[in-house]
Amino acid sequence: MTYDIDKIRSNFPILHQEVYNKPLVYLDTAASAQKPVQVLMKLEQLHNEYYGNIHRGAHFMADKATVEFEEVRNKIQAFINAKSRKEIIFTKGATESMNLVASSFCEKYLNKGDEIIVSEMEHHSNIVPWQMAAQRYGAKVVKLSFNDTGILEIEKLSELISEKTKLIAVNHVSNVLGTVNPIEEIIAIAHKNNVAVMIDGAQAAPHIKLDVQKLDVDFYAFSAHKLYGPNGVGVLYGKEKWLSEMPPYQGGGQMISEVSFEGTTYNELPYKFEAGTPNISSLAAFGAAIDFLIEIGIENIAEWEHELLDYATSKLKDVEGIKFYGEAPGKSGVISFNIEGIHFYDLGMLLDKMGVAVRTGHLCADTVMAHYNMQGCIRISFGMYNTKNEIDVFLAALNKVRMMF
Ligand code: PMP
């Protein structure tokens, strides 16, 4: 593979700066990826040249923006190989995608006494919406545990499923552990029992080539900002058979067919789930991010990130007092850890002063923290633009901090 890292980095102006008089080393892409010029230029171009509200057909600029907006839907459809563009719902991000399903799917299908199975390694955004729905309808959230290596105990899944189970919610890739979950297997077990599956793909979409038809997944969520696109926009993929039966999530413009005081009829898919003016410019720029990703190739990016992951892991293993969280084989490009005797906040703050940006804290995954009986940790994560040299800078900074303590 020829992976031209210098060329790739040249597309990201933000990376070429100093913070606290040190060259920036950005190791927090799992929280949010930096944006290439192609994305930034699209945001500017739309605002400078053809900004207008979409789907209103009012004038030249509105039409042009609408065409672009709907082309992005086609791009996303192709990107994840969805059967129909009706199955691509634009949302604010993965969080809203999960909330939409928790709200609309549960309103239609969840009854008193029913159960939703949720994995123990979820981001808060794939736990709390299910708890809220369960509370609303008198249902129960059931935990699917993981072991200390960071592997889901899916051998227990069949036992957890009963005739009360309506849905299983699990991430494709864990934002703390990096585990790539065997979602094909989970979906097959669920479908054998007539249970729907919601996959949180926020950490998977930037690294794994998706084929929602092959996966046979019912719902799949992801955010643009982790895919080198702008923040504030994301996608919910849902099978048409579910989306067509589910009630709307929010009411407003665009989601209706006709409104009167006697009653309202709803628009066809996907618009039934897209009330109000969407984030037009960010969605256009999301399209530019998808083009950029396709040009470089998700598989090439994943291969590069795995090289970085192996390199960093092998070096970190030698650090005295280090404890890793998540060591599943084939894991994705995140490393979460603590170092004995150094508080994660102190470590994160001192690394920052040396120009190294990492994530610290509970990582929006309290149930993972509780599993390991800890308050928080440090996470480094890789994107398409990181280098081995940056990992060396991080390791040297880490060593300096260890010397201080
Ligand atoms: N799920 C996972 C696994 C995540 O890592 C994140 C973002 N940290 C989310 C969901 C939520 O994504 P967003 O904040 O973009 O909605």
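The values are calculated or read from the model by the stated rules, or taken from the named source; none is laboratory data. Since the structure is predicted, the reported quantities are computational estimates derived from the model, not experimental observations. Counting neighbours? That spans all protein chains shown, and the Cβs are built from the backbone with ideal geometry, glycine included. Side chains included, ligands, DNA and RNA excluded: accessible areas come from the protein's heavy atoms. Shrake-Rupley method; radii C 1.70, N 1.55, O 1.52, S 1.80 Å.
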Exercise. Along the charge dipole of region 40-294, which of Val195, Ala133, Val173 sits closest to the positive end, that is, farthest toward it, with unit charges on the beta carbon of Lys, Arg, Asp and Glu (+1, +1, -1, -1)?
Worked result: Ala133
For this session: For region 5-13, take each phi angle, set θ = phi - 60°, evaluate the Karplus expression 6.51 cos²θ - 1.76 cosθ + 1.60, and give the result in whole Hz per residue in order, putting x for glycine and proline.
Result: 5, 5, 5, 4, 5, 5, 7, 10, x
Exercise. Taking amide H positions as placed 1.01 Å from N in the peptide plane, with prolines and chain starts having none, which residues 5 or more places from Val197, or on another chain, fall under 5 Å of its amide H?
Worked result: Ile168, Asp218, Phe219
Seminar exercise, completed: Under the Karplus relation with 6.51, -1.76 and 1.60 and θ = phi - 60°, whole-Hz ³J(HN,Hα) for region 363-371, x at Gly and Pro, equal 6, 6, 9, 4, 6, 6, 4, 5, 4
Problem set entry | Nitroxide proxy distance, nm - points 7 Å out along Cα→Cβ at Ile256 and Ser84 | 2.5 nm
Problem set entry | Mean shadow area of region 124-225 over all directions, Cα convex hull, nm² | 6.9 nm²
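By its C-alpha gyration tensor, with a ≥ b ≥ c as the square roots of the eigenvalues, how is region 40-294 shaped: rounded for a/c under 1.5, else prolate for a/b larger than b/c, else oblate?
The shape class here is oblate.
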Exercise. Using a probe of 1.4 angstrom, how much of the accessible area of the chain is carbon and sulfur, in percent?
Worked result: 50 percent
For this session: Return the sequence-ordered ³J(HN,Hα) values of region 61-67 in whole Hz as given by the Karplus equation 6.51 cos²θ - 1.76 cosθ + 1.60 applied to θ = phi - 60°, using x for Gly and Pro.
Result: 5, 4, 5, 5, 5, 5, 4
For this session: Identify all lysines with a Cα-Cα distance to Lys241 below 18 Å; exclude those on the same chain that are fewer than 8 residues away in sequence.
Result: Lys83, Lys86, Lys108, Lys166, Lys192, Lys214, Lys272
Exercise. How about Lys64: which lysines have a C-alpha closer than 17 Å to its C-alpha, ignoring those fewer than 8 places off in the same chain?
Worked result: Lys42, Lys75
Exercise. What area, in nm² and to one decimal, does the C-alpha convex hull of region 250-324 cast on average over all directions?
Worked result: 9.5 nm²
For this session: Report the full-extension gain for the segment Lys7 to Glu245: residue separation times 0.36 nm, less the Cα-Cα distance, to one decimal in nm.
Result: 81.0 nm
Problem set entry | region 40-294, relative contact order in percent, only Cα pairs under 8 angstrom and at least six apart counted | 24 percent
For this session: Please give the residues of region 112-136, grouped as numeric ranges, whose backbone N is less than 12 Å from a label point set 7 Å along the Cα-to-Cβ vector of Lys164.
Result: 112-117
Exercise. Ignoring ligands and nucleic acids, what accessible area does Asp28 show with a 1.4 Å probe (Å², nearest 10)?
Worked result: 20 Å²
For this session: Over the chain, give the accessible area per residue in Å² for a 1.4 Å probe, as an integer.
Result: 43 Å²
Problem set entry | In region 36-124, trypsin sites (Lys or Arg not before Pro) in a DSSP loop with at most 10 other beta-carbon atoms within 10 Å | Lys112
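Give the relative contact order (percent, whole number) for region 269-405; include only Cα pairs under 8 Å separated by 6+ residues.
Over region 269-405, the number comes to 25 percent.
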Exercise. Under a straight-distance cross-link criterion of Cα-Cα below 17 Å, which lysines are reachable from Lys400, leaving out those fewer than 8 residues away in the same chain?
Worked result: Lys22, Lys315, Lys317, Lys353
Problem set entry | Computed [θ] at 222 nm, deg cm²/dmol, the chain (DSSP H ≥ 4; -39,500 (n - 2.57); rounded to nearest 500) | -12000 deg cm²/dmol
Problem set entry | At 1.306 mPa s and 10 °C, Stokes diffusion of region 31-92 via Kirkwood alpha-carbon radius, µm² per second | 120 µm²/s
